[in-house]
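Below: one structure, written as structure tokens.
The values are calculated or read from the model by the stated rules, or taken from the named source; none is laboratory data. Model, not experiment: these values are computed from the prediction. No Cβ is skipped: glycine too gets one built from the backbone with ideal geometry, and neighbour counts run over all protein chains shown.
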Amino acid sequence: MAKVDVNPNILKWAVIRSGKSLIIEQSFPKIVEWIHGESKPTFKQLEKLAKATSTPFGYFFLDEPPEEHLLIPHYRTVSDEKISQPSPELIDTLHTMEQRQEWMRDYLLDLGQLEKDFVGSVNVSENAIQVAKKMREKLSLDKGWASECSTWEEALRLLRKKIEDIGILVIVNGIVGNNTHRKLDVNEFRGFVLVDKYAPLIFINGADGKAAQMFTLAHELAHLWFGASAIFDLDNLLPADDAIEQACNRTAAEFLVPEKDFIEAWNDLAIYDHPFQEGARKFKVSELVIARRALDTQLISTNTFFDFLQSLREREKDKSNKSNGGNFYANQTLRIGRHFAEAVISDAKEGKLLYRDAYRLTGLSGKNFNEFANRLEPWDGL
């Protein structure tokens with residue numbers, strides 16, 4: 001079988017970029033020979049390598065490895081951490097979300113929709129209390145909105161609904177599309193925001209624990225008010241050394257748990273053996289948010305916070321191992337986004353959008369798309 005000439009540097013780049021060097025070496029016994037120029041792959045082998053490394057096939061025929069750059073800032077909490085090349089999973093996810101946002105923008109413009117006035121409506125010099133107040137007012141939420149819910153999980157669902165109600169696309173996914181073999185890395189990013197006056201988009205890395213997702217969602221919401229697109233890791237719920245990132249964190253914390261109310265309640269919470277758990281019950285946010293708030297307001301030590309964080313991660317890992325993955329179609333509502341899904345399904349049913357394009361936009365096709373469309377019902381509270 002004919003061999004293919006490929007620049008060894010591109011082969012090496014593709015393997016490193018995939019982040020799966022050991023797996024690739026096991027699956028392709030001659031990969032080291034190819035990289036050293038001692039032998040060449042066949043066309044079929046190159047196709048398989050492209051799939052295994054999530055590399056666009058055409059890249060293997062370039063003279064040199066391409067330089068891939070993210071078009072929006074990627075903030076890391078640890079400022080001196082070496083920023084590695086973005087993973088194929090992040091790049092592909094970002095590209096898919098950009099395509100969805102572009103389609104949604106055109107869809108809304110065709111409907112004659114106006115710009116969303118809250119996008120970019122505040123600046124970093126504004127007080128976090130005032131920005132959080134503006135966010136709550138736009139979402140039609142009272143100051144103590146979360147405490148009115150039965151649990152913090154219910155409060156999270158309510159918040160997501162309220163955000164989608166004002167026209168923000170909200171997507172939650174822990175893998176690339178529906179490919180369970182391509183998981184998103186929480187250490188690389190917890191979420192990102194794509195700012196647009198018509199179709200603002202929030203993406204949450206669903207591989208992250210639910211406890212952290214609530215804060216991530218509020219943090220991303222603040223990004224839209226500040227009008228700043230970004231990718232971030234929010235390690236330990238801490239922002240990067242950037243003015244907007246820090247402003248978003250302050251605003252998110254105030255939005256979820258107003259500082260004045262929290263400090264007033266702390267003496268009553270501190271008498272319990274598990275004050276974070278009691279705080280979660282009172283404010284209807286996750287224990288992690290309560291612990292982070294207590295640290296920020298200097299009510300607990302750094303050691304206390306990180307001891308709690310370690311135990312929480314162990315609990316969430318155990319819970320994740322016992323999870324059955326959930327209902328496929330319920331997962332699609334999160335992975336596609338209800339607001340976006342309703343628009344695509346509506347246009348397809350009215351004949352304004354070809355079904356093949358609807359399949360491409362949602363990542364579903366044929367029977368799965370039709371079943372998803374039939375199961376997708378309007379919000380009925382929670």
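Give, as residue ranges, the helices (runs of 4 or more DSSP H) completely inside segment 205-321 that count at least 1 residues that are touching a His at 6+ places or on another chain (Cβ under 7 Å) and more than 22 Å from LEU70 (Cα to Cα). Even if it seems obvious, please write down each step before you answer.
Details: elements: 210-226, 243-256, 259-270, 275-283, 287-296.
In segment 205-321, 243-256 are the helices (runs of 4 or more DSSP H) which contain 1 or more residues that are touching a His at 6+ places or on another chain (Cβ under 7 Å) and more than 22 Å from LEU70 (Cα to Cα).
In this structure, does PHE28 turn out to be among the aromatic types (Phe, Trp, Tyr), without any contact (Cβ under 8 Å) to a residue 60 or more places away in the chain and under 21 Å from HIS181 (Cα atoms)? For PHE28, the condition - among the aromatic types (Phe, Trp, Tyr), without any contact (Cβ under 8 Å) to a residue 60 or more places away in the chain and under 21 Å from HIS181 (Cα atoms) - is met. Could you go through segment 147-156 and let me know if any residue there is assigned by TED's automatic domain parsing to the domain that holds ALA211, surrounded by fewer than 22 Cβ atoms within 10 Å (Cβ to Cβ) and assigned to a strand (DSSP E or B). The answer is no; no qualifying residue exists. Put simply, of ARG313, ARG281 the only residue that is assigned by TED's automatic domain parsing to the domain that holds GLU153, in contact (Cβ under 8 Å) with a residue 24 or more places away in the chain, at negative phi and of a type in the set (Lys, Arg) is ARG313.
Taken over segment 67-115, the criterion of being at pLDDT 80 or above, assigned to a loop (DSSP other than H, G, I, E, B) and among the β-branched types (Val, Ile, Thr) is satisfied by ILE72 alone.
Here LEU295 does not qualify as out of contact with any Cys (no Cβ under 7 Å at 6 or more places or on another chain) and in contact (Cβ under 8 Å) with a residue 12 or more places away in the chain. Give the residue that is farthest from the chain's Cα centre (by Cα), with candidates limited to residues of segment 106-118 that are farther than 24 Å from SER140 by Cα and touching a residue at least 12 places away in the same chain (Cβ under 8 Å). By that ranking, first place goes to LEU109. Go through the residues of segment 179-188 one by one and say whether even a single one is surrounded by 13 or more Cβ atoms within 10 Å (Cβ to Cβ) and over 16 Å from the mean Cα position of the chain (by Cα). No.
Selection within segment 282-336: residues that are among the acidic types (Asp, Glu) and surrounded by fewer than 17 Cβ atoms within 10 Å (Cβ to Cβ). The member of this set that is modelled with the highest pLDDT is ASP307. Tallying residues that are touching a strand residue (DSSP E or B) at 6+ places or on another chain (Cβ under 9 Å), under 18 Å from ILE129 (Cβ atoms) and crowded, with 21+ Cβ neighbours inside 10 Å within segment 236-281 yields 2.
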